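The values are calculated or read from the model by the stated rules, or taken from the named source; none is laboratory data. All of these numbers come straight from a predicted model, not from anything done at the bench. Here the Cβ positions follow ideal geometry from the backbone for every residue, glycine too, while neighbour counts run over all protein chains shown.
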Amino acid sequence: MENTRATTRPALWLMFSIVLVALNLRPSMAAVGPLLSAIREDIPLSFSLASLLTLLPVMAMGLAMFFGLRVSQRLGEQRTVVLSLLIIGVATVSRLFLDSVTELILSAVLAGIGIALIQALMPALIKSRFSDHVALCMGLYVTSIMGGAALGASFAPLVMASSGSWRLGLAIWAVLAVLALLFWRSQSAGMPTLDSRASRKGSFFANSRAWLLAIFFGLGTASYTCVLAWLAPYYVEKGWSEQHAGLLLGFLTAMEVLSGLLTPFIANRSRDRRVVLMVLLALIITGFCGLILSPQHLSLMWPCLLGLGIGGLFPMSLIVSLDHLDNPLRAGGLTAFVQGIGYLIASLSPLLAGIIRDRLGNFEWAWWSLTAVMALMMLMVLRFNPRHYSRHIH
């Protein structure tokens, strides 16, 4: 693949456009949790069924990852992003007219497909256009994804409170898609199509290291998707209002944004990312323990720790995958595989937590399960010695 490095001004404009695009990749999911009680008043939903609003779009993201990079190679980067933003925008604005749980779920799945097409493309694009600053630019991109989640979680309840409609609280985020579409179209004319030759070196399905990276990403993202789906309902059950619970989720995602910016910058000093990964996992474990044992005391502390841990773990999981290969498109293919398998794994966590809530009457055992998963991931981190990367993937 041709390594196209833009001059400073076009590069900054491209990165700004990427940020705007990334802001669209989570509001469609993040806005649901804080509005769930209002949605359930209009549309009958068990907690298990409500989990499908997060599970199915994440599952769609995972499945779509496997053909997303090929779509971008066929259509070109510009048209792929335009198509994806149109899909996300249509899915989001359609929520103004929803009358059934089936329609709500279909809108979530459609948004998930649009999200996946962008997420399959962006790591390859960033490694190609910003090859000297991959960790920093990936951090900015992933941070923008989480920033979109913060916007959705924080402001959806406010929109509902001012308008009296949860549908508008879900649908208003189509405005972000329109804004991103205008900026992307204005700067990306003439952007070359990805060269697909480097992607024909074989599948990653038979590679054990690719599977280790995918499982690691999936387990880490499981904590993100579960918190995104159930943190606000958890605190509503503890007596908080939807608005305060939504602001708490917004605070957590703001901490994710902060960590997503700072962690890659710190990790960029060394190609060995293991110490940083261990610290992030320890923060998540501490946050979950506090959420279980003392949710009403130091109630800002636990979301803060969870946000700092999850916010850094998300970009670092992708950065570690990109570290394994030098060729941008080949590395992009690996991250597409990692995200595809990983999102399929992560999609199950909201459902399992919803089932636990329906069966046991609380979310605490879901948080305990995720705590155990984070401890397992600490053992997996020991395998990520950069001196041995060339042995595992070529």
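Can you tell me which condition Gly361 does not meet? The list is (1) at negative phi; (2) over 19 Å from the mean Cα position of the chain (by Cα), and all the others hold.
Every listed condition holds for Gly361 apart from (1).
When you scan segment 42-85, how many residues do you find that are of a type in the set (Asp, Glu) and within 22 Å of Pro233 (Cβ to Cβ)? Walk me through it before giving the result.
Applying the first criterion (of a type in the set (Asp, Glu)) to segment 42-85 yields 42, 77.
Of the ones still in play, those that are also within 22 Å of Pro233 (Cβ to Cβ) are 42.
Residues in segment 42-85 being of a type in the set (Asp, Glu) and within 22 Å of Pro233 (Cβ to Cβ): 1 in total.
Taking segment 71-94 on its own, how many of its residues are assigned to a helix (DSSP H, G or I) and more than 21 Å from the chain's Cα centre (by Cα)?
The number of residues fulfilling the criteria is 6.
Out of the residues in segment 6-31 that are polar (S, T, N, Q) and either outside any helix (DSSP H, G or I) or within 14 Å of the chain's Cα centre (by Cα) (or both), state the one that is modelled with the lowest pLDDT. If you could, list the steps in order and put the result at the bottom.
The first filter runs over segment 6-31 and keeps only residues polar (S, T, N, Q), leaving 7-8, 17, 24, 28.
Now restrict to residues that are either outside any helix (DSSP H, G or I) or within 14 Å of the chain's Cα centre (by Cα) (or both): 7, 24, 28.
Values: Thr7: 45, Asn24: 95, Ser28: 88.
Here the residue is Thr7.
Here is a yes/no grid of residues against (1) in contact with a strand residue (DSSP E or B) (Cβ under 6 Å, 6 or more places away or on another chain); (2) modelled with pLDDT under 90; (3) within 20 Å of His324 (Cα to Cα):
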site: Ala174; (1), (2), (3): no, no, no
site: Ser186; (1), (2), (3): no, yes, no
site: Ser196; (1), (2), (3): no, yes, yes
site: Phe205; (1), (2), (3): no, yes, yes
site: Ala210; (1), (2), (3): no, no, yes
site: Phe216; (1), (2), (3): no, no, yes
site: Ser223; (1), (2), (3): no, no, no
site: Ala232; (1), (2), (3): no, yes, no
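Out of the residues in segment 130-157 meeting the condition of being β-branched (Val, Ile, Thr) and in contact with a Lys or Arg (Cβ under 8 Å, 6 or more places away or on another chain), tell me which one is surrounded by the most Cβ atoms within 10 Å (Cβ to Cβ).
Ile145
Go through segment 283-294 and count every residue that is surrounded by fewer than 20 Cβ atoms within 10 Å (Cβ to Cβ) and either touching a helix residue (DSSP H, G or I) at 6+ places or on another chain (Cβ under 7 Å) or in a helix (DSSP H, G or I) (or both). Don't jump to the end; show me each part of the working.
Step one: filter segment 283-294 for residues surrounded by fewer than 20 Cβ atoms within 10 Å (Cβ to Cβ), giving 286, 289, 292-294.
Pick out the ones that are also either touching a helix residue (DSSP H, G or I) at 6+ places or on another chain (Cβ under 7 Å) or in a helix (DSSP H, G or I) (or both) and you get 286, 289, 292-293.
Matching residues across segment 283-294 total 4.
Quick check on segment 205-239: of everything there that is farther than 24 Å from Phe251 by Cβ and surrounded by fewer than 21 Cβ atoms within 10 Å (Cβ to Cβ), which residue is nearest to the chain's Cα centre (by Cα)?
Residue satisfying both the conditions and the ranking: Ile215.
How about segment 338-377: which of its residues are at pLDDT below 90, under 28 Å from Met122 (Cα atoms) and in contact with a Phe, Trp or Tyr (Cβ under 8 Å, 6 or more places away or on another chain)?
Gln339, Gly340, Ala346, Pro350
Need pairs with beta-carbon distance below 8 Å; first residue hydroxyl-bearing (Ser, Thr, Tyr) and within segment 14-29, second outside any helix (DSSP H, G or I) and surrounded by 24 or more Cβ atoms within 10 Å (Cβ to Cβ); sequence gap 6+ or separate chains.
These pairs meet every condition: Ser28/Trp173.
Return the only residue of Leu85, Leu75, Leu53 being touching a helix residue (DSSP H, G or I) at 6+ places or on another chain (Cβ under 9 Å) and more than 19 Å from Gly152 (Cα to Cα).
Leu75
For Val159, are the conditions met, namely being farther than 15 Å from Arg26 by Cα, in a helix (DSSP H, G or I), more than 21 Å from the chain's Cα centre (by Cα) and not acidic (Asp, Glu)?
On the way: farther than 15 Å from Arg26 by Cα: yes; in a helix (DSSP H, G or I): yes; more than 21 Å from the chain's Cα centre (by Cα): yes; not acidic (Asp, Glu): yes.
Against the criterion (farther than 15 Å from Arg26 by Cα, in a helix (DSSP H, G or I), more than 21 Å from the chain's Cα centre (by Cα) and not acidic (Asp, Glu)), Val159 qualifies.
Just checking, how many residues over segment 240-252 are buried (at least 24 other Cβ atoms within 10 Å of the Cβ) and more than 22 Å from the chain's Cα centre (by Cα)?
Counting residues in segment 240-252 that are buried (at least 24 other Cβ atoms within 10 Å of the Cβ) and more than 22 Å from the chain's Cα centre (by Cα) gives 0.
Being closer than 26 Å to Ala22 by Cα and modelled with pLDDT under 90 is the requirement here; does Arg200 meet it?
Criteria not met by Arg200.
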